[in-house]
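Since every read-out is calculated from the coordinates, none of them should be taken as a lab result. Please read all numbers here as calculations on a predicted model, not as lab measurements. In this analysis, Cβ positions are derived from the backbone assuming ideal geometry, glycine residues included, and neighbour counts consider all displayed protein chains.
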Amino acid sequence: MQLEDLAIFGAPPAFNEPLHVGRPNIGDRASLLKRINDMLDRRWLTNNGPYVQELELRIGSLLGVKHCIATCNGTVALELAIRAAGLCGEVIVPSFTFIATAHALQWQEITPVFCDVDPRTHTINPWRVEEMITPRTSGIIGVHVWGQPCDVEALTEIARKHNLQLMFDASHAFGCSYKGQMIGNFGEAEVFSFHATKFFNTFEGGAIVTNNDELAAKIRLMKNFGFAGYDNVVYIGTNGKMSEVSAAMGLTSLESLDDFISINYANYKQYQHELAGIPGISLFTYGDQEKCNYQYVVLEVDEYVTKVTRDQLINILSAENVLARRYFYPGCHQMEPYRSYFPHAGLLLPETEKLVRRVLVLPTGIAVGLGEVSQLCEIIRLVVAQGEEVRVKLEKKPTSY
């Protein structure tokens with residue numbers, strides 16, 4: 001492959017069909033359609049139907065937790081868990097996360113206090129958490145980024161020491177483990193997203209899992225307007241219920257869960273092999289000692305070595321029909337309303353500031369084959385090998401980013 005072969009310089013793109021980050025995995029269609037037809041025949045479309053109940057039981061069994069409460073999406077799941085746990089005042093969270101983590105707090109007039117991350121794990125740094133605690137702090141929300149678990153033990157000790165509630169946003173970590181125990185068993189509660197972009201999806205959906213009986217009972221009331229039986233509202237609530245069609249998709253996805261993970265793992269290992277030795281490109285690695293879903297292939301781009309920036313590389317890949325993504329650019333603290341509330345927050349988040357400018361996520365999942373991974377990596381290898389020349393040519397062209 002020559003530099004002139006790159007689509008951004010006028011050649012046809014490398015891939016006829018786009019390769020997407022987060023392209024939905026779909027299990028066995030016949031099984032899904034059978035469930036949907038059964039649902040239509042029953043005419044039980046929502047309100048804690050049999051598929052929702054089955055999905056909750058199967059997820060609870062898979063994770064080894066006492067309670068699983070299915071919800072309409074992961075964001076509402078966060079809001080319900082936060083309110084049920086009685087969080088108020090200030091809650092410490094990483095800025096290196098999807099904006100929903102912060103919004104779920106701010107929506108309920110709770111101030112998210114942004115904490116820096118460990119550059120090795122990309123998860124919240126426990127040793128920085130203690131520096132952020134004030135008399136108004138009521139809790140900590142850790143985020144298991146890329147399925148990489150937080151330092152659960154350190155955060156648990158800090159929460160216990162300061163009498164704080166501890167929860168986890170586990171949106172990336174379904175099917176992952178920490179020290180041999182499945183994610184879902186830590187803190188007061190853990191929250192999953194089953195959005196279409198997740199390797200395990202229910203079209204749109206989420207779940208709260210907990211081993212706390214009282215908290216689970218409260219969340220079940222809250223997700224259904226506070227109803228405790230027919231015409232009997234006993235608590236304030238909202239509509240957070242999962243529909244039957246989403247649960248049908250979830251049950252079908254569960255049947256293919258091992259296949260999804262196997263494909264992700266094979267792609268991850270192929271990326272690891274193909275990207276090894278490319279200067280300035282480092283792949284986020286997962287240890288083999290824990291269960292992992294491998295749903296994110298994460299690069300860090302050192303532009304001082306590659307001579308092209310992360311964003312320039314994204315533009316090149318986009319021209320080749322590879323729709324890579326920046327995560328979690330530019331950081332929650334740089335988005336509104338937080339940018340206006342805390343204009344100098346970045347001074348306390350040096351590792352976050354570096355990561356949001358370096359991280360690049362590549363496509364994987366059942367729509368991506370090993371041959372496509374190799375071809376994609378060859379493009380990256382060519383760009384880095386001729387980085388200075390590529391950068392000069394790109395700077396003469398208008399950019400879409």
* For Lys393, list the aspartates and glutamates whose Cα falls under 18 Å from its own Cα; do not include residues on the same chain fewer than 8 positions away. => Glu4, Asp5, Glu303, Asp311, Glu320
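How big is the shadow of the Cα convex hull of region 152-230, averaged over all directions, in nm²?
In nm², the orientation-averaged hull projection of region 152-230 is 6.6.
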* Report the relative contact order of region 29-255, percent, no decimals, based on alpha-carbon pairs under 8 angstrom and at least 6 residues apart. => 27
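Please give the contour-minus-distance gain from Leu45 to Ile236: 0.36 nm per residue of separation, less the Cα-Cα distance, rounded to one decimal in nm.
Details: separation 191, 0.36 × 191 = 68.76 nm, distance 2.39 nm.
Roughly 66.4 nm would be gained on extension.
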* Relative contact order of the chain, defined on C-alpha pairs under 8 angstrom at six or more residues apart (%) -> 23
* **Estimated dipole of region 237-335 in Debye, rounded to 20 [Cβ of Lys and Arg +1, of Asp and Glu -1, Cα centre]** => 280
* Report, in cubic angstrom per residue, the convex hull volume of the C-alpha atoms of the chain. => 147
* Return the long-range amide H neighbours of His67 (sequence gap of 5 or more, or a different chain), with a cut-off of under 5 Å between placed amide H atoms. => Thr210
* For region 213-296, what is the Kirkwood estimate of the hydrodynamic radius, computed as the reciprocal of the mean inverse distance between distinct Cα atoms, to one decimal in Å? -> 16.9
* To do: Taking the Cα centre of the chain as origin, work out the dipole magnitude from +1 charges on Lys and Arg Cβ and -1 charges on Asp and Glu Cβ, in debye rounded to 20.
  => 460
* Structure fact -> In order over region 156-165: 3J(HN,Hα) from phi, Karplus 6.51/-1.76/1.60, θ = phi - 60°, whole Hz, x for each Gly or Pro, gives 4, 5, 5, 4, 5, 4, 9, 6, 10, 6
* To do: From the C-alpha gyration tensor of region 29-255, pull out the three semi-axes of the equivalent ellipsoid (sqrt of 5λ each), sorted largest to smallest, in whole Å.
  => 30, 20, 14
* Asked: Across region 139-150, in residue order, what do the Karplus-derived ³J(HN,Hα) couplings come to in whole Hz, using 6.51 cos²θ - 1.76 cosθ + 1.60 with θ = phi - 60° and x for Gly and Pro?
  -> x, 10, 10, x, 10, 7, 6, 6, x, 7, x, 5
* Structure fact -> Which residues qualify? For Gln181, with a placed amide H closer than 5 Å and at least 5 residues away or on another chain, they are none
* Mean separation of Cα pairs under 8 Å and 6+ residues apart, divided by the residue count of region 1-158: what relative contact order is that in percent? -> 15
